[in-house]
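So the structure is just underneath, and the comments pick up after that.
The values are calculated or read from the model by the stated rules, or taken from the named source; none is laboratory data. Predicted, not measured: the structure shown is a model, and the values here were computed from it. In this analysis, Cβ positions are derived from the backbone assuming ideal geometry, glycine residues included, and neighbour counts consider all displayed protein chains.
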Amino acid sequence: MTIPSKALPMAACLAAALPVLAGCGETASTSSFKGESRNVAQTISDFQSDAMSGNKQKLCANDLASMITARLKSSAECEALVKEQLTDLDSFGLTIESIAVTGASAKARVKSTWSGKSKITTISLVKEGSRWKVAGAE
């Protein structure tokens, strides 16, 4: 699949976020978080669940920030990019280590374990209306 140049930031976001958040198995626990932090944790859990089930439509419509999806021509283009990223995933575990909420943005540190190796990644989220959405990963 050829990725349009305006969609490259979206592809980079998906390449960083999907492997971290889409691990097979049990979804990330939200029980230790309260208030807005719990809502952020729930978004990460929903993203992971939708990725695990291969639900490209939900990932594009519900889980990814509009600043990412707006760069694409259509929801079909988003779904094609997501599908491409999901084909490379294997199973691993995910733990939300911490969440920091500042107004309408949040950063979540997540620990993923794959093939016995752990990695900490920071997931950026933005609040759109009443919902938190994934905006990127570092």
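State which residue pairs qualify: first residue touching a residue at least 60 places away in the same chain (Cβ under 8 Å) and inside segment 29-42, second residue of a type in the set (K, R) and surrounded by fewer than 19 Cβ atoms within 10 Å (Cβ to Cβ) in any location, beta carbons under 7 Å apart, and separation of 6 or more residues or different chains.
Listed by first residue and then by second, the contacts come to T30/R38.
Restricting the search to segment 58-88, which residues are within 16 Å of R131 (Cβ to Cβ) and assigned to a helix (DSSP H, G or I)?
Result: K58, L59, C60, A61, N62, D63, S66, M67, I68, T69.
Could you tell me which residue of segment 109-130 is modelled with the highest pLDDT, considering only residues that are of a type in the set (A, V, I, L, M, F, W, C) and closer than 15 Å to L64 by Cβ?
V126
Inspect segment 51-65 for any residue being within 13 Å of the chain's Cα centre (by Cα), among the hydroxyl-bearing types (S, T, Y) and at pLDDT 75 or above and give the result as yes or no.
The answer is no; no qualifying residue exists.
Filter segment 103-123 down to residues that are closer than 18 Å to S45 by Cβ, of a type in the set (S, T, Y) and surrounded by fewer than 18 Cβ atoms within 10 Å (Cβ to Cβ), then give me how many there are.
Total satisfying the criteria: 2.
Looking only at residues in segment 33-54 that are part of a loop (DSSP other than H, G, I, E, B) and touching a helix residue (DSSP H, G or I) at 6+ places or on another chain (Cβ under 8 Å), which one is surrounded by the fewest Cβ atoms within 10 Å (Cβ to Cβ)?
Among them, the one singled out is G54.
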